[in-house]
């Protein structure tokens, strides 16, 4: 099978670099189009990122000579789409929200589906906010979205914030198993890579913790409700619960967001054994479909007293699994545990790729 | 006034070194007696700590030539007490709990009051567990303790674990102001110095978080109840609330424990303004008595969005204040905030010194 | 004695903040004038630094209400100088080199001496580059400078780069004692605070070393030659040796530059005992004059096998001493050792203050 | 081809864990025998390492049920060797030098070749100290070693210290190309994993540098001379040069030793272009033999101004390559550069595996 030609918007930024690095040798997708800010446009990708490759993973030498396009110039992408050399784009745009909104819409309007990592469209009611294992069915809103906008092939699908990936899939596995979760208090200890580059100054985080990340607590509390929502009247209606309180902190860790979680269940309360069994046995649509980026084991339950830890567990299942541990009774609520996921892979580019694989398998990318 | 001669048990360990460093030029106390394990006994303090001074603050050169005694040999301390060259001891013993229990009792039985940093006697019912600003009246249990054991001048007083210092005084200030606190969920991000030396291996904590500290969650949940308890029948009866759930984590920070706290009040709920006013105006017995180690401002309320931070706030009021910030509504409970205190000063040796100052002012050390 | 009124140019930047913090309660100098970029001009100092106070040491509340001036507007400073409320300024300007050059000249031309931390004027031949213990006599170039420019009271004096402070004073002590030093190979491990704020991104330095700091090696190699130079024909003529090779690295340390040094002497070679004796006994003009910021012991020789270390030794003598250790034979050259100094105190604002104290004592500031 | 059955002595320690992790799916070798201290003996490998798996890479689940033997009990290994289920052992013993010496000899005497990571036998004159790309011919001393001891199949081969791997191969490539290197001054910035577990306390290395590692400078200076030596009279005679001065430092890095190097050549001095060409084109016996762990590119020359960095370059060629950069003139000697290698892979277990592959290819393991 010929690979699907894909583009990266924002290809020179941190998230864009992650897409480049992770898509190397992808079995379905092949990068054919790179776009970034006017500053990079016209340069080869190698030149555009010279001295500005910020990842600890390496780039893909095969892309070195691709000439970077101006992401604001949709005509080039449209021409590529027409020529059959561009099927869809990953959006890793790092601009003002209003600009991202407009630009992602323009690509979609030009017939180019946008699988986005940006936050701009997360609360657009007819745009699905996807975690492939949790709400794969939310893609059913896409035809409504297309119809409402008069788009044919183009559409926009987004992924949620990286901070909630450490608890969202475990949460969903329990809900799906029939346990109502009423309230949760969460504290996150987030890696510096989540802030992009240059991001967090070293003076702020060596031998320090910063107990605040702008906008992050709101995202961590609200986005789960849309993810748990249902399709109604052509839009995603948010769920009413769980009520979440999030305390978000920055810690001196390169990659991997850790969260401590206390949960209050509804009347039916699972035992610790039931919870760990549900998590261990949890498989979802990406696993059933055998999507290339789907972690074989979406939720890994660690038994050691002191795990999961970002240093040791962030790379589990190619950094796409969520690791949990310390499942134990909570004196205040019912159960508490520790969750961990890799923020730039599972929580960003890797999650975006998995969403695109899901969309392809569902027939939305053609 | 002549200074009171004091001793340090466990003088060569990390907590002992903190006592040495902090007592330099103390206006009331003068170190005259140093005791440690048999390995150090017979050496000068300088030799006993050669290549083993682990603090970033310096030692006290005036003590270099003191010969370290064997902490197990009470006869030497008893002789010093009899000779008037030793009034009381700070216990910074790092031994098995049973050995500390026995040894601290032996010193007290020999007429030497023990102001302890060790955890062994925290749950002895007639031993007060003191935070000088919170429960200074608990020292009233000491006469009962002395009577029950047949001790004359000797007694034991302890301080609680370092992990709860970041929220205990703020908590107490609100309770004292008439607000019932029913439930709290706390997550701590604790410094490596809390584990002593060698303590946490660097391989475990560079670019990592360890979401577990043995025994720490139990202490963080239970000790507040004894501190909030009342004297009854010659012992301290623990309070029934608040019900606390603590998630304790180790982070790559040298000094300073940070905590995120969500609180549920009783029927009477203070506003954010009321809370910050109560905290700002809070003064207690140590401040009224003008104790040398009492922080002028016991609770410092930071207004910046991203404070307190251990790197910037741990040293406030000579590292004896608790800094709080981000006081805001909690979607799940009523109020949430961030608390911070210096674990080896306020939470260990400095807190012990303040306790001794309180005991002196109250007439227990003579 | 009334304190001398001083100003800070670049008062809101990192170096400016260090001046603010260090000058608190200075016995001779009192800050009366703060100037920064147009963005800050017109705001109170508190507002201008709100959320932008980057030091771990605190600010000086007494300066909170001073209105920040535009550093480009010399008329205000000139008026203050005329009114007797401004005697000289510390320059902590963070601008393009050409702009700093011009601005510092303008202040001097307006009769306001400039004691600068900036690098712009370091190679101006008639501007002294001062380390108060090493070349205090270089201030004799100032009258030539004033005469050549037609300046009356104003002049410019600068300090060298922070990277060489760890070895420059030890080097000088040996030269002064009669030992020629022909060649040196130096490797520095420099703290992130040396790069200012935001400076080094945390992604670049957590669990990493960056073996390059732009321009730093050249400064570390060349500036010592001017410092060791002599006044001739109204300018400072650089010395010819030692020939220095510097390898400069950024390491995950907040404050304190560490250097490893191998030295080759001329024919007369001191023994290790002679070297350590020279260093221990070294006292210079700042000590003789009793300048407030002069470290009592300019060079501290550590005897422990594993010192000096930035974490433990950077604050020695209020962070103004240089600590050295591991003085031992070098298999390739003659002697090798480790040097350490606090880069933002001794190597920046503290060094600038000491230079101003020297200039005051020498009668240049009136 | 059936895989060769191998054992690990010291299997539960840090280096042992690295062997376990790296040998997973090795094409030639299969672990069949694990031995450690009496404390671990009799337990399954999973139980013996429960809560004590210190690597960030995972273990090999296939070995979980192997029962750990007592490394001191050679009879079990001898029986396995006789039964054909053990061909040779990797020694990762962490004991006193004298004990390692004796134990490694006992295994060899029992007919079991020992490929050692321990330092005990490095200076045994008839034991080769191998870097497979540098001195593969030194294995020719093995028959002399066997004859002198009366051993048949058994022998001992060792690898050098991890600290010199960053410069030894680049050095050799130049020597082999005909350039004499007379003197070198080296400063290393070494990762904490080099100290094993628990190794460096976090209190010593967060926000700090420790400018001393016991014994490391001697090894870094002397071992290269044996590696560059020649076989004569049945022993390895050390070379006379280069004369090396090493300054060894511990920095807050998990993996990867960085070194800055200044080199003085003999009369014939290569240009920078010649040097980088020699390094880029360097291939050696492991590459020619296609050994599984041989890095395709043994020396990677980075062109960026700020590379190599441990965080970004340690994993190059599966962490088996040496990365170099910043090749530039040295004002004191001729040329200076930065070298980097992964200390626990290239510098320890990975280097040991490559040595075993070389020995296998040369017919010494049968």
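The values are calculated or read from the model by the stated rules, or taken from the named source; none is laboratory data. Just so we're clear, the structure is a prediction, and the values are computed from it rather than from any experiment. Note: ideal-geometry Cβ built from the backbone for every residue, glycine included; neighbour counts use all protein chains shown.
Show the residue pairs meeting these rules: Cβ distance below 9 Å; 6+ apart or different chains; first residue within region A:31-48 and at positive phi; second residue modelled with pLDDT of 95 or more. Matching pairs, first to second residue: A:42/A:48; A:42/A:67; A:42/A:68; A:42/A:69; A:42/A:70. Taking region A:56-67 as the range and being surrounded by fewer than 19 Cβ atoms within 10 Å (Cβ to Cβ) and either in contact (Cβ under 8 Å) with a residue 40 or more places away in the chain or part of a strand (DSSP E or B) (or both) as the test, the residues that pass are A:59, A:60, A:67.
Of the residues making up region A:24-43, not a single one is in a helix (DSSP H, G or I), modelled with pLDDT of 95 or more and surrounded by 21 or more Cβ atoms within 10 Å (Cβ to Cβ). Comparison of B:179, B:197, B:167 shows that the only residue that is under 24 Å from residue A:211 (Cα atoms) and either facing another protein chain (nearest Cβ under 7 Å) or modelled with pLDDT of 95 or more (or both) is B:167. Go through the residues of region A:1-23 one by one and say whether even a single one is within 19 Å of residue A:57 (Cβ to Cβ), without any contact (Cβ under 8 Å) to a residue 24 or more places away in the chain and surrounded by fewer than 24 Cβ atoms within 10 Å (Cβ to Cβ). Taking every residue of region A:1-23 in turn, none turns out to be within 19 Å of residue A:57 (Cβ to Cβ), without any contact (Cβ under 8 Å) to a residue 24 or more places away in the chain and surrounded by fewer than 24 Cβ atoms within 10 Å (Cβ to Cβ). Which of (1) over 27 Å from residue B:50 (Cβ atoms); (2) more than 12 Å from chain D (Cβ to nearest Cβ); (3) surrounded by 17 or more Cβ atoms within 10 Å (Cβ to Cβ) is the odd one out, the single condition residue C:262 does not satisfy? It fails just one condition, (2). The set of residues in region A:212-234 being surrounded by fewer than 19 Cβ atoms within 10 Å (Cβ to Cβ) and more than 21 Å from residue B:305 (Cα to Cα) consists of A:225, A:230, A:231, A:232, A:233, A:234.
Is it true that residue A:154 is more than 14 Å from chain B (Cβ to nearest Cβ), more than 29 Å from residue A:301 (Cα to Cα) and at pLDDT 95 or above? For residue A:154, the condition - more than 14 Å from chain B (Cβ to nearest Cβ), more than 29 Å from residue A:301 (Cα to Cα) and at pLDDT 95 or above - is met. Under the condition of being surrounded by fewer than 23 Cβ atoms within 10 Å (Cβ to Cβ) and either over 18 Å from the mean Cα position of the chain (by Cα) or outside the structural domain of residue C:139 (by TED's automatic domain parsing) (or both), the residues counted in region C:96-121 number 10. Here residue A:157 fits the description: touching a residue at least 12 places away in the same chain (Cβ under 8 Å) and within 13 Å of the chain's Cα centre (by Cα). Look at (1) more than 11 Å from chain C (Cβ to nearest Cβ); (2) surrounded by 24 or more Cβ atoms within 10 Å (Cβ to Cβ) and you find that residue D:144 fails only one, number (2). Would you check if there is a residue in region D:309-329 being within 30 Å of residue C:243 (Cβ to Cβ), in a loop (DSSP other than H, G, I, E, B) and without any contact (Cβ under 8 Å) to a residue 24 or more places away in the chain? Among the residues of region D:309-329, not one is within 30 Å of residue C:243 (Cβ to Cβ), in a loop (DSSP other than H, G, I, E, B) and without any contact (Cβ under 8 Å) to a residue 24 or more places away in the chain, which makes the answer no.
Among the residues of this structure, residue D:324 counts as one that is farther than 16 Å from residue A:58 by Cβ and within 11 Å of chain C (Cβ to nearest Cβ).
When D:252, D:211 are checked against the criterion of being out of contact with any strand residue (DSSP E or B) (no Cβ under 9 Å at 6 or more places or on another chain) and under 27 Å from residue C:184 (Cα atoms), a single residue qualifies: D:252. Return yes when residue C:272 is surrounded by fewer than 18 Cβ atoms within 10 Å (Cβ to Cβ) and not assigned by TED's automatic domain parsing to the domain that holds residue C:15 and no when it is not. Against the criterion (surrounded by fewer than 18 Cβ atoms within 10 Å (Cβ to Cβ) and not assigned by TED's automatic domain parsing to the domain that holds residue C:15), residue C:272 qualifies. Residues that are touching a residue at least 12 places away in the same chain (Cβ under 8 Å) and assigned to a loop (DSSP other than H, G, I, E, B) were ranked within region C:189-198; the one that is farthest from residue D:339 (Cα to Cα) is C:197.
Here is a yes/no grid of residues against (1) more than 9 Å from every other protein chain (Cβ to nearest Cβ); (2) at pLDDT 95 or above; (3) closer than 30 Å to residue D:207 by Cα:
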site	(1), (2), (3)
B:207	no, yes, yes
B:210	no, yes, yes
B:216	yes, yes, yes
B:220	yes, yes, yes
B:229	yes, yes, no
B:234	yes, yes, no
B:239	yes, yes, no
B:254	no, yes, yes
B:257	yes, yes, yes
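Put simply, of D:346, D:283, D:366 the only residue that is more than 14 Å from chain C (Cβ to nearest Cβ) and crowded, with 24+ Cβ neighbours inside 10 Å is D:346. Quick check on residue A:276: is it touching a strand residue (DSSP E or B) at 6+ places or on another chain (Cβ under 6 Å) and facing chain B (nearest Cβ under 10 Å)? Spelling it out, it is not the case that residue A:276 is touching a strand residue (DSSP E or B) at 6+ places or on another chain (Cβ under 6 Å) and facing chain B (nearest Cβ under 10 Å).
To keep it simple, each residue is scored yes or no on (1) in contact (Cβ under 8 Å) with a residue 24 or more places away in the chain; (2) farther than 30 Å from residue C:196 by Cβ.
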residue: A:166; (1), (2): yes, yes
residue: A:174; (1), (2): yes, yes
residue: A:200; (1), (2): yes, no
residue: A:215; (1), (2): no, no
residue: A:224; (1), (2): yes, yes
residue: A:234; (1), (2): yes, yes
residue: A:246; (1), (2): yes, yes
residue: A:251; (1), (2): yes, no
residue: A:256; (1), (2): yes, no
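Here the condition is being surrounded by 19 or more Cβ atoms within 10 Å (Cβ to Cβ), touching a strand residue (DSSP E or B) at 6+ places or on another chain (Cβ under 9 Å) and away from chain A (no Cβ under 14 Å); of B:359, B:291, B:354, B:340, it holds for B:359 alone.
Every residue, every condition in (1) outside the structural domain of residue A:141 (by TED's automatic domain parsing); (2) on the phi > 0 side of the Ramachandran plot, yes or no:
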residue: A:302; (1), (2): yes, no
residue: A:311; (1), (2): yes, no
residue: A:315; (1), (2): yes, no
residue: A:319; (1), (2): yes, yes
residue: A:324; (1), (2): yes, no
residue: A:353; (1), (2): no, no
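Does region C:68-79 include one or more residues that are crowded, with 20+ Cβ neighbours inside 10 Å and within 14 Å of chain B (Cβ to nearest Cβ)? No: zero hits.
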